[in-house]
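Reading through the structure tokens given below for one structure.
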């Protein structure tokens, strides 16, 4: 079974799945991610030097298909509130 631990063994942070989301991490992506329907949340490395794009925020909420960024933040609680507001 694929998980962020198998796909990103050097990952330096915690990865807490939100309710209803599944770990959709794939080693060819820039960082671990979780998925629910068409909503993807990327959870980048804590250490900016390990990120593929150091100037990007740690957490990004995106829509698949429309390739739309809904939220970019370094604050996990903002991600949780945003997702709760969409429910």
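The values are calculated or read from the model by the stated rules, or taken from the named source; none is laboratory data. Worth saying up front: this structure is predicted, and the values here are computed from it rather than measured. We place every Cβ from the backbone using ideal geometry, glycine too, and count neighbours over all the protein chains shown.
Quick notes on this one:
- Pick from the range 18-29, criterion in a loop (DSSP other than H, G, I, E, B) and under 10 Å from the mean Cα position of the chain (by Cα), ranking: surrounded by the fewest Cβ atoms within 10 Å (Cβ to Cβ): 24
- Filtered by the rule that a residue be assigned to a strand (DSSP E or B) and over 21 Å from residue 11 (Cβ atoms), the range 40-70 gives 63, 68, 69, 70.
- Residues in the range 6-16 that are modelled with pLDDT of 95 or more and in contact with a strand residue (DSSP E or B) (Cβ under 9 Å, 6 or more places away or on another chain): 7, 11.
- Exactly one residue out of 48, 7, 52 is over 13 Å from the mean Cα position of the chain (by Cα) and surrounded by 17 or more Cβ atoms within 10 Å (Cβ to Cβ): that is 7.
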